[in-house]
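Notes to accompany the following structure.
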Amino acid sequence: MNLTQNIHPKMTEFSIQIDFMSKRNIDGLDSEILRFIPLAGVDDGEGDSEHDTGIAETTEKPRLEKPPLYKVVLINDDYTPMDFVVEILCAFFDLNIEKATQIMLKVHTEGKGVCGVYSKDVAETKAAQVNDYSRECEQPLLCSVEVDR
Ligand code: TYC
């Protein structure tokens, strides 16, 4: 039996021969098996027709999306002393006193502010450190994480 199929625009045709073969099984019974015989390789014009498989190949690199970044956000409250907030910003976000004071005042006047932008794990760890330390010091200061688009 001969089958001819068009399978790719670059390929003119792809031919196989299917043979029925008898095979003696281990239990002494004969059974029919199918044998697929490629009749011709497909020439892509690159002189390698022996190795053409008919399987589409690509040299393009897979494009991976960059993982999103996360903002660590400080929330204002009416009780935490300003100098405690500045101390926290210096200690956990590696800021100098001037920058820490600027952020603290922004949070104080606007309700919330960004302390830094990090990978998900780092942002969550920093927010947890701030919240744990504030609780230990019996301050209501709260920190949260927001995705940075
Ligand atoms: N609003 C606080 C005060 O007046 C100061 C403060 C700033 C508290 C920033 C929290 O995230 C904060 N003492």
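Read-outs: derived from the displayed coordinates by stated rules, not from any lab. Because the structure is predicted, anything quoted here is derived from the model rather than measured.
Give me the extension gain from Glu65 to Ile97: residue separation times 0.36 nm, minus the current Cα-Cα distance, reported in nm with one decimal.
Values: separation 32, 0.36 × 32 = 11.52 nm, distance 3.64 nm.
Additional length available on full extension: 7.9 nm.
Over the range 105-149, what is the mean sequence separation of C-alpha contacts under 8 Å (at least six apart), divided by residue count, expressed as relative contact order in percent? Please list the in-between numbers first.
Numbers: 21 pairs, mean separation 12.9, N = 45.
Computed over the range 105-149, the figure is 29 percent.
Once you've got the Cα coordinates, tell me which of Lys66/Lys112; Lys106/Lys126; Lys61/Lys112 are over 31 Å apart. Intermediate results must be reported in sequence, preceding the final value.
Details: Lys66/Lys112 27 Å; Lys106/Lys126 19 Å; Lys61/Lys112 42 Å.
Result: Lys61/Lys112 exceed 31 Å.
Whole-Hz Karplus ³J(HN,Hα) for the range 58-66, in order, using 6.51 cos²θ - 1.76 cosθ + 1.60 and θ = phi - 60°, x for Gly and Pro?
Here the 3J(HN,Hα) series is 9, 9, 5, 6, x, 8, 9, 5, 6 Hz.
I need the phi-derived Karplus couplings for the range 89-103: 6.51 cos²θ - 1.76 cosθ + 1.60, θ = phi - 60°, integer Hz, Gly and Pro marked x.
5, 5, 6, 9, 10, 6, 9, 7, 4, 4, 5, 4, 5, 4, 5
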